[in-house]
Amino acid sequence: MGKKTEAGKAAAQTQTAKPLVIGTVVVVVLLAILFLVSQKGGNPTAPIAPVDQSVLVNQPVMGEASAPVTVVEFGDYLCPACKAWGELIYPQLEKEYIDTGKVKFAFVNVLFHGEASELASLAAESVFAQNPEAYWSFHKAIYDAQPKQDHDALWVTPEKLIALARTHVPQIDLTRLEADLKSKKAAPELKVDVELVRKYRVQLTPSIMINGTMLNDPFDYKAMKSLIDKALGGK
Ligand code: CA
């Protein structure tokens, strides 16, 4: 009888042990999922990596130089998602953080679409070299000129870029811009950008970096906001 009871106890223990093991597995899996989800848009518990300010050297920067947080867009003028980002997300960032002196914003050229990306970037760098103040109007004009439908259409030509400059940044020396495009004068600046793309392992455009932390989904403004707020030392 006593033996039977012991055996019964052992059996009961085995039975309760099984759900325990299953329960542990479930908890581990749930934790792993939670971890992966929290990675999206930046891990809320991980500290924001500091920014290496050398990323900003000779780059167009929007906002106050003293702004405590740095946001860098790695973008390509030929990329439809970059155009969409500029229209949907950037205005919110500008209003909430750049205009209020909390964020400075830089744009680094990505040349994933070959010669056309290079040509548009050469023009933007040339305008920036001539007149940094004029840069952002020209930058926006290029994205505005990107066709909404036929992305493969040949829309980036020297003539088109010069026409855009004539309309949107009339203070620019157009003859100099034309000569700069012909001689690829800004090739060294593009080389710097290509190096940054390699250094930060940019695979997709746009890629948005908040200080030294890359945002997983550039269109997740809430995640961007929470990373910026954390970098600001609040909330
Ligand atoms: Ca650049």
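What the table below lists for this structure:
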quantity: J(HN,Hα) series, region 97-105, from Karplus relation 6.51 cos²θ - 1.76 cosθ + 1.60, nearest Hz, glycine and proline x; calculated: 10, 7, 5, 8, x, 8, 10, 10, 10
quantity: Nearest-20 debye value, region 101-235 charge dipole, Cβ charges on Lys, Arg, Asp, Glu; calculated: 580
quantity: Amide H contacts of K184 (H built 1.01 Å from N, under 5 Å, at least 5 apart or other chain); calculated: none
quantity: For region 210-217, 3J(HN,Hα) per residue [Karplus equation, 6.51 cos²θ - 1.76 cosθ + 1.60, θ = phi - 60°, Hz, x = Gly/Pro]; calculated: 9, 6, x, 9, 7, 6, 5, 10
quantity: Full-stretch length increase - L232, K95 - with 0.36 nm per residue and alpha-carbon distance subtracted; calculated: 47.7 nm
quantity: Net charge over other residues, Cβ less than 13 angstrom from the Cβ of P206 (K, R count +1; D, E count -1); calculated: -4
quantity: Region 93-235: C-alpha pair distances exceeding 27 Å, %; calculated: 29
quantity: Trypsin sites (Lys or Arg not before Pro) restricted to DSSP loop in region 92-163 with at most 13 other C-beta within 10 Å; calculated: K148
quantity: Region 94-235, accessible area per residue, ligands and nucleic acids excluded (1.4 Å, Å²); calculated: 52
quantity: Total formal charge among the other residues, if their Cβ is under 15 angstrom from that of W155, Lys/Arg +1 and Asp/Glu -1; calculated: -4
quantity: Dipole of region 68-150 [Lys/Arg +1, Asp/Glu -1 at C-beta], most positive-end residue of H113, V72, Q149; calculated: V72
quantity: Cβ-based net charge around L164, under 11 Å, with every Lys or Arg adding one and every Asp or Glu removing one; calculated: +1
quantity: Cα convex hull volume per residue for region 152-235 (Å³); calculated: 172
quantity: Accessible area of region 62-128 belonging to carbon and sulfur atoms, whole % at 1.4 Å probe; calculated: 55
quantity: Protein accessible area in region 151-235, 1.4 Å probe - carbon and sulfur %; calculated: 54
quantity: Coil-residue trypsin sites (Lys or Arg not before Pro) of region 165-234, DSSP, other Cβ within 10 Å capped at 15; calculated: K184, R201
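The values are calculated or read from the model by the stated rules, or taken from the named source; none is laboratory data. Here the structure is a predicted model, which means the values were calculated and not measured. Note that each Cβ is placed from the backbone with ideal geometry, even for glycine, and that neighbours are counted across all protein chains shown. Each accessible area value is taken on the protein alone, full model and side chains, heavy atoms only, with ligands, DNA and RNA left out. Shrake-Rupley method; radii C 1.70, N 1.55, O 1.52, S 1.80 Å.
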